[in-house]
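Before any comments, here is the structure.
Rule-based calculations on the coordinates, nothing more; no lab input. Computed from a prediction, not measured in an experiment: that's the story for all the values here.
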Amino acid sequence: MNVEGVLSRLQRVRRLSAGWMALCPAHEDRSPSLSIREENGRVLVHCFAGCSTDAVCCALKIKVRDLFSKADLERSQEPGIVRETRKQIAGLRSRLAVRDRERGVAVIKTNERNLDFAIARALALAVEGEIVQIALEREDQ
């Protein structure tokens, strides 16, 4: 949901230089105490009377995740091993020759029990000219 969708559910909305103020739907509000602003694809809400974001969203009949863009949700739902592998691939690409930076990277996700198989597979792909990254998933993840 974008900021306009949130604002349409609020009362006594007024524009400020950094965002908007409105009556907080989570408590009986006589003067606007809810701050709303949009930043990096996220809708940020803050009640100066102390209502939690969950309470505000519940009163608006939306979920907290509705305040975030789909790209943010997809990134936050990635397992830690995927985020770490993306960082490692970015580091690998920075060390490649310019012509090789556009090539795809084959990622082999494995655990310690299957490590020998993963290394053998990575070597076979490397011999074929592929750029390979092995992501070792710890058992506690």
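Just checking the listed ones, G50, G19, G129: in the Gaussian network model of the chain with Cα springs under 10 Å, the one fluctuating most is G129.
If contacts are Cα pairs under 8 angstrom and at least 6 residues apart, what is the relative contact order of the stretch 78-136 in percent?
Details: 49 pairs, mean separation 23.1, N = 59.
Answer for the stretch 78-136 is 39 percent.
Per-residue ellipticity at 222 nm, computed for the chain from helices alone with -39500 (n - 2.57) per DSSP H run of at least four residues, works out to -10000 deg cm²/dmol. Each residue of the stretch 119-132 was assigned a 3J(HN,Hα) from its phi angle through the Karplus expression (A = 6.51, B = -1.76, C = 1.60, θ = phi - 60°), giving 5, 4, 5, 5, 5, 4, 5, 5, 4, 7, x, 7, 8, 10 Hz with x at Gly and Pro. Relative contact order for the chain using alpha-carbon pairs under 8 Å, separation at least 6, rounded to a whole percent? In percent, rounded to a whole number, it is 15. Among beta bridges identified by DSSP and lying wholly in the chain, the antiparallel ones come to about 65 percent. Taking R103, R37, R86 in turn, the Gaussian network model of the chain (Cα-Cα springs below 10 Å) assigns the largest fluctuation to R103. If you bin the C-alpha pair distances of the chain every 10 Å from 0, what whole percents do you get? Bins of 10 Å from zero give 10, 28, 18, 14, 17, 11, 2, 0 percent of pairs. Computed with the Debye formula from one identical point scatterer per Cα of the stretch 3-75, without solvent, the log10 of I(q)/I(0) at q = 0.13, 0.15, 0.21, 0.24 Å⁻¹ comes to -0.34, -0.45, -0.86, -1.11.
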